[in-house]
Amino acid sequence: MINKIVLASGNKGKLKEFNHILNDLLVEVVPQSNFDVVDAEETGLSFVENAILKARHAAKATGLPALADDSGLEVDALAGAPGIYSARFSGDGATDQTNNALLLDKLSGLTPEQRTARFRCVLVFMRSASDPTPLICQGTWEGSILEQPCGENGFGYDPLFWIPELSKASAQLAPEQKNKLSHRGQAVALLKQTITPYLK
């Protein structure tokens, strides 16, 4: 019976979230930084590939089952960019501000109907580095890109991501509401529904 999983990230927010959702399954999630594991090189060409690379790297380095996620923003007018490069969209030393500024620049002059986009998240759970059938859970959050930032919450592209059915930007949502609706929230919910057989 698996009772400890390594998270292929040192992100404290993600660590807290995963421990919360897996708590009633009696599983502890620990960060790879506890084992001095450096981040895997993300050489994949898709969210799925990168999440698998990260999970396999963490599992191999620690000998524990591993959980990894890869996520980003896809903009239709940019043929799916920034996609897997969302965090480093504006190049070396990219920040949320420089990424958002570049995105706005690239979409300049487009109508609201041309600014459709989605956040996508892929979670991968591997029982070992050689697991032939990793558990893969995906979540997608549809919306569009605003012409200027709106809201104070969240991070990344949240101030530019508009949710039509709520008439709000992601950065205007309370964390609890965002976690239920978001791409990561959807993927995490699916993980909780499907991970139990993998823990045996």
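No value in this document is a laboratory result; all are computed from the given coordinates. The structure displayed is predicted, hence computed values, not measured ones. FYI the Cβ positions are ideal-geometry reconstructions off the backbone, even for glycines, and counts take in every protein chain you see.
The distance linking segment 112-175 with segment 1-48 is 19 Å (Cα centroid to Cα centroid, whole angstrom). With N counted as the residues of segment 39-164, its alpha-carbon radius of gyration over 2.2 N^0.38 Å works out to 1.17. Cross-link list Lys16/Lys106; Lys14/Lys54; Lys4/Lys54; Lys16/Lys192; Lys60/Lys180; Lys54/Lys200: which exceed 25 angstrom alpha carbon to alpha carbon? As for pairs spanning more than 25 Å Cα to Cα, those are Lys16/Lys106; Lys60/Lys180. Annotation note: chymotrypsin sites (Phe, Trp or Tyr not before Pro) in segment 94-200 located in DSSP loop regions with a Cβ neighbour count of at most 12 within 10 Å are Phe155. Within the listed set Gln172, Gln138, Gln97, the residue fluctuating most in the Gaussian network model of the chain (springs between alpha-carbon atoms under 10 angstrom) is Gln97.
Cβ-to-Cβ counts within 10 Å put Glu165, Glu28, Glu42 in ascending order as Glu165, Glu28, Glu42, the fewest first.
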